[in-house]
Amino acid sequence: MQSENPATVAADTRQALDAWVDPWIDRSLGELKAIESVTATPDAMRLVVRLPVPVGDGYATELAERLSAQEEELRQNNQEL
């Protein structure tokens with residue numbers, strides 16, 4: 001992420017998150033209006049996600065793992081283009 005503009009990274013990330021379908025709720029995060037904010041710096045990214053349903057203690061960790069896996073898949077697809 002260091003070579004990319006943080007504002008562009010944040011906007012692209014938000015767009016991808018809005019389209020991402022939560023496998024437990026079966027609705028996109030955008031449809032749920034769950035993404036409160038996405039901010040990026042050259043070294044880090046911060047997401048604030050607020051779901052309209054209660055979730056268990058492990059949800060944040062599992063969500064992060066699934067999003068990381070999707071990010072890696074997107075990177076691989078972009079390299080193939």
| said: On the basis of being open to solvent by 90 Å² or more (accessible area, probe 1.4 Å) and under 13 Å from the mean Cα position of the chain (by Cα), does Arg27 make the cut? | reply: no
| task | Give just the number: which of (1) in contact with a Lys or Arg (Cβ under 7 Å, 6 or more places away or on another chain); (2) over 22 Å from Glu73 (Cα atoms); (3) open to solvent by 70 Å² or more (accessible area, probe 1.4 Å) does Thr39 not satisfy? | result | (2)
| query | Is there any pair linking a residue in the stretch 39-54 that is touching a residue at least 12 places away in the same chain (Cβ under 8 Å) and more than 23 Å from Trp24 (Cα to Cα) to one that is basic (Lys, Arg) and surrounded by fewer than 11 Cβ atoms within 10 Å (Cβ to Cβ), with Cβ under 7 Å and at least six apart or on different chains, and which? | reply | Thr39/Arg46
| field | Residue count, the stretch 43-81 (criterion: assigned to a loop (DSSP other than H, G, I, E, B), open to solvent by less than 70 Å² (accessible area, probe 1.4 Å) and closer than 17 Å to Val9 by Cα) | value | 1
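The values are calculated or read from the model by the stated rules, or taken from the named source; none is laboratory data. Note that this is a predicted model, so its numbers are computed, not measured. Don't worry about glycine lacking a Cβ; one is built from the backbone with ideal geometry, like all the others, and counts go over all protein chains shown. Heads up: the accessible areas ignore ligands, DNA and RNA and are worked out on the full protein's heavy atoms, side chains in. Shrake-Rupley method; radii C 1.70, N 1.55, O 1.52, S 1.80 Å.
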